[in-house]
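Step one of this worksheet: look at the structure below.
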Amino acid sequence: AMRTALDALRDALVSDDDAQAEAAREARAATARMILGLPSPETTDGDAERWYVEGWRAARRDILAGGDRFTGLNPLHFDNSVFDTYCSLLNGAALVPVETGEISNPAAWLRIIREGGATVMFAVPTLFLILDELGLLTPQSLPGVRTFIFGGEGYPTGKLRNFHQRFAERARLVNVYG
C-alpha cells in the first residue's frame, strides 16, 4: 500500500494535469498517514501533510542535485526524519544515517557525516545552535555539506547571520519553517 501511495504521489507531483488534483490530494493524505503512523483520514494533520508535500517539491526543485547525500541525523520517531528519508530516497539521493540515540557525542556525529560524504544536512535550529556552541558548526567540520536545511522552530536572527557568514561561498541555508 505504501509503495502504491508513494508512486501515486510522485506521479501527481510531477504532473501539471489539473485532472489529477483529487488523486494527488488522496495520495498525499494516504502517504502522510502511513509515514506519520496516523490511523485514518480524520486524524491526518493537514499541516504535516502540506509540510511533507512541499518539502518533497522543494527537494526536487531547489535542493537536490545528482549525487547528493542526505544526513539521516533526525531520529526515526521525529517528524523531520520523513524529509531525510523520503525526500532523499524518492529523489535518487543517498542517505547517511547517524545513530544519535546510540552515539551521544556530536563530534562523532560529524565524523560520520564527513566520512559518509553528506552534502545536505537537515536539522532543527536547536541542533545547529548546539553544534555552534561546541565550535563544531564550521566549514572544516562539515566540508562536504553544500546545503543546510532547518525548520521546526525559529532560528535566532543574529545566530543565523553568523551561520550564513561562516558558510558563505561554500554552502547555502534553506529555511523550511517559514
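A few notes on this one:
- Projected label points at residue 162 and residue 76, each 7 Å from Cα along the beta carbon direction, are separated by 3.6 nanometres.
- Carbon + sulfur, % of accessible area of the stretch 112-178 - ligands and nucleic acids excluded, 1.4 Å: 51 percent
- Protection proxy ranking, peptides 87-94, 76-83, average beta carbon neighbours within 10 Å, highest first: 87-94, 76-83
- Packing rank of 164-174, 137-147, 110-120, where each peptide gets the mean count of other beta carbons within 10 Å, highest leading: 110-120, 137-147, 164-174
The values are calculated or read from the model by the stated rules, or taken from the named source; none is laboratory data. Worth saying up front: this structure is predicted, and the values here are computed from it rather than measured. Glycine also receives a Cβ, built like all others from the backbone with ideal geometry; neighbour counts cover every protein chain displayed. Just so you know, the surface numbers come from the protein's heavy atoms only, side chains and all, with ligands and any DNA or RNA stripped out. Shrake-Rupley method; radii C 1.70, N 1.55, O 1.52, S 1.80 Å.
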